[in-house]
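Everything below concerns the one structure shown next.
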Amino acid sequence: MKRATLRNAALGALAGAGLLTSAACGSGFDDKPAAPAQQSTGPASLQILIGSSGDAETNAVRQAADAWAKASGSTATVTPAQDLAQQLGQAFAGDNPPDVFYVDASRFADYASVGALEPYGDRIANSQDFYESLRATFTYDGKLYCAPKDFSTLALIVNDGLWKKAGLTDADVPTTWEQLTSVSEKLAAKGITPLAVGDTRDRIGAFMVQAGGWITSPDGKQATADSPENAKALEYVQSLLKEKFARFPKQLDAGWGGEAFGKEKAAMTIEGNWIKGALKADFPDVKYSVHELPAGPKGKGTLSFTTCWGISAKSKYKEQAIDFVQAMTTADQQMAFARAFGVMPSRQSAKDAYTAEFPGDAPFVNGAEYAQGPVNAPKMESVLADFDTGIQQLTSTSPASVLERLQKNTQAALGN
Amino acid sequence: MADMTAPAGGPVTGARRPRLSAAAREGVAGWLFVAPVVVILGLFMLLPILMALWVSLTEWNGQGSPFRAGVPFVGLDNYARLFTEESLARQDFMTSIRNNFYYVLIVVPAQTVLALGLAVIVNSRLLKGRTFFRAAFFFPSVTSSVAISVVFLFMFANSGAVSGLLNLFGIDGPQWFSDSRGTLHLLLGALGLVDPDAPPAALTDGGPFGLSWWEWLSGPSVAMTTIIMLVVWTTSGTFMLMFLAALQDIPVTLEEASRLDGAGRWQTFRHVTLPLLKPTLFLVLTLGTIATWQVFDQVYVMSQGDPAKTTLTPAYLSYKTAFRNFDYGPGTAISFVLFVIIVVLALVQRWVLRDRDAVPRPGRRTRRGKA
């Protein structure tokens, strides 16, 4: 037995070492230069932990943090996390959390409900300027906890080449569910897979919003999963899947919708604005256009994904931290981030400047008006993961039973 | 392997004068020598295990130390919830137990038989280039499991090598990693016993621990079979080495004697070689059972429990519950249940493998005692 534990420990160590080295390769060399540059003394020394999308984001945040540090006489150390959720969990448990850190919208309620976050949101100047849907996402128990950093929404991405090949024109881009079905028939007739769509609530959920439903009530207190609207949405998705009009990325040998789209295995996909960077990097030859998602029975609907600048309730430098977030969320700074790593500003006052600079992104930005944020309630992660499992089996199970299960589990998690 | 090398190195003690102070001094010296290991094991194994045990009895929310006053103590609630309460947590846990059960059921016998077969082959005096084959079979065992998992990801991709190979033979292979269908379901369907799309109500209506009988009877999913193949392939090398060492310990004379007595090849193997391998067999089966119940790396790298939770295992579920959902109490409770499962199974194996030897002995012993 001891041998087994030793062997397992060795295995674990090997695996860990493997992960570490691969992670180290991924993060690049920019970990080092920042550390010596942060030696100046100041009234506050902020630790900032970010879940970076890549070097571009890390460098842009570092630059902005350095500028703030210089102006305020403080120091600000930006650390990109390898696994933000896990590192934050460890830091909270160790009573030594970073002062400022990214909080993903889907995990926000978990943190807020255990008192890990400082509810500073409305102390940010002009906090009403943040999009209402984003404010709602980061509001818990009636308090705006943190300032949204930026956001993304889902849109319909169309492959121009495949579109032409199937004899379709711009007028054929679907704007309703009916049109989506009919254009899919045309594409399928030419042997082209019409739609690649991710197999989780983060994509399929958009159909629920378009049908007028959602998993919880707007305040996140009631489970509304088994509504007829949600059933209608899942029945529609099921019909797309059964006709093979829609395929999950894995079925197309891809890790996500953008990859399937980039490999030209599907003519359309539903993804957020991050797909631009991915296509540019991995599939630069694919010509595509971006459109708002087709409207359902209750009109337009999409999902928003966002991150906020969380401030630890245990930070020693809350005032300076709020000042730091203030500097990070000005319209100008958000535009600088937008240019650096392609995110959309969370302030409405930056909308015009953004659409002027990135006209192709209008469909994404417009989505903010009617977007639904992630489920805003704690302890929902495993429930939603279970729902994803239901979605993955949608071709062989009935939508009603999937929703019934989701309803039951959501009620248990929300305690009603 | 340890018990095989032990007799060779047994030193003759007691040559010195048997004075008490000397014995005491020896004791102190002994403790001094083992102290580093005791301290390290205590600090880095025993203490964390005890700390985790405490966490599993609380509803600690991950804020601050779990050893402060004010951390809600819930007794055995976290454990009870895994077994008695109709909830998602129990369903996930039972699904993971089911998955892992089928996994162990296939991997342990398969890797043991394969390892034994390989060991017999490379031990044979007729085989040319034995060293090469030994190295080749052992190679997967020394390669990082993460690296091998990634290679398998490519091999079993829908346009990967395995699907390509099957296509050569005109077989349209499954979409390995997105296929959540249970193989037992598929088998039952192929035999025409049950229709997998519309299972009989008798099976779907109820079952123990929140899963229906139909769900319990799924067998490993197609996605899980890829992990099974991977693990059988990688671990058989290690176990081959153990069998090989044991085979080389068996005196050739025994084999020759049995041949002279008229035993065939198979009879020699069955009645001479195999009984002599019993301690090694126990070792291999125990190590195999422990490792398979703890499967984590492959799941973490290859599937993360997907598709449809059919590759979810207790070890991975424990990690996910604690570090993804911040339910540290239930997460650690799962790992302790896993611990108990492994200990119980190891004891059962010990009992099963020892029992057959022990049965005829009492008679002999009493006879000897009287004589």
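The values are calculated or read from the model by the stated rules, or taken from the named source; none is laboratory data. All figures in this text were calculated on a predicted structure; none of them were measured in a lab. Quick reminder, even Gly has a Cβ in these numbers, built from the backbone with ideal geometry, and neighbours come from all protein chains shown. Protein only, heavy atoms only, side chains kept; ligands, DNA and RNA dropped before computing areas. Shrake-Rupley method; radii C 1.70, N 1.55, O 1.52, S 1.80 Å.
So the values come out like this:
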| item | result |
| --- | --- |
| Two-site label geometry, residue B:46 and residue B:282: point separation in nm, points 7 Å out along Cα→Cβ | 2.6 nm |
| Estimated [θ] at 222 nm from DSSP helical runs (n ≥ 4, -39500 (n - 2.57)) normalised by residues in chain A, nearest 500 | -14500 deg cm²/dmol |
| Residue B:33-residue B:344 pseudo-label distance in nm [points 7 Å out on the Cα-to-Cβ vector] | 4.0 nm |
| Relative packing of peptides B:134-141, A:128-135, B:173-180 - highest average C-beta neighbours within 10 Å first | B:173-180, A:128-135, B:134-141 |
| Test item: B:145-155 mean partner chain Cβ contacts at 10 Å | 2 |
| Relative contact order (percent, whole number), chain A, Cα cutoff 8 Å, 6+ residue spacing | 24 percent |
| Residues of type aspartates and glutamates that residue B:278 reaches as a straight line, Cα spacing below 15 Å, ignoring anything fewer than 8 places off in the same chain | B:3, B:249, B:355, B:357 |
| Added length on full extension, which subtracts the Cα-Cα distance from 0.36 nm per residue, residue B:198 to residue B:125 | 20.8 nm |
| Sequence of A:165, A:250 when ordered by accessible area, the most exposed leading, probe 1.4 angstrom | A:165, A:250 |
| Longest to shortest principal axis, alpha-carbon extents of chain B, angstrom | 71, 66, 46 |
| GNM result for chain A, Cα springs below 10 Å: residue of A:336, A:71, A:166 fluctuating most strongly | A:71 |
| Selected from B:108, B:122, B:295 as most flexible by GNM, with chain B as the system and alpha-carbon contacts under 10 Å | B:122 |
| Set A:186/B:309; A:265/A:379; A:165/A:276 screened for pairs whose C-alpha atoms are more than 25 Å apart | A:186/B:309; A:265/A:379 |
| Shielding by partners - mean other protein chain Cβ count within 10 Å, residues of B:56-63 | 4 |
| Inter-label distance, nm, simple model (7 Å from Cα along the C-beta direction), residue B:54/residue B:167 | 5.8 nm |
| Förster-model FRET efficiency, 56 Å R0, residue B:86 and residue B:21, C-beta, rounded to 0.05 | 0.30 |
| GNM top mover of B:106, B:97, B:121 - chain B, alpha-carbon springs below 10 Å | B:121 |
| Chain B: calculated mean residue ellipticity at 222 nm from DSSP helix runs of at least 4, using -39500 (n - 2.57) | -20500 deg cm²/dmol |
| Largest-first ordering by accessible area, 1.4 Å probe, given options B:67, A:92 | B:67, A:92 |
| Peptide ranges A:238-249, A:351-362 listed from the most packed, as the mean C-beta count within 10 angstrom indicates | A:238-249, A:351-362 |
| Three-way shape call for the stretch B:36-88 based on the alpha-carbon gyration tensor, with the a/c threshold at 1.5 | oblate |
| Top positive-direction residue, dipole computed over the protein assembly as shown with Cβ charges, set B:311, A:47, A:274 | B:311 |
| For residues of A:246-256, the mean tally of beta carbons on other chains within 10 Å | 3 |
| Antiparallel bridges, percent of DSSP beta bridges restricted to the protein assembly as shown (to nearest 5) | 65 percent |
| Nearby aspartates and glutamates by direct alpha-carbon distance to residue A:298 (threshold 18 angstrom, same-chain neighbours under 8 apart not counted) | A:178, A:226, A:229, A:235, A:369 |
| Packing rank of A:367-378, A:45-56, where each peptide gets the mean count of other beta carbons within 10 Å, highest leading | A:367-378, A:45-56 |
| Radius of gyration, Dmax [the stretch A:153-256; alpha carbons; angstrom] | 15.0, 48 |
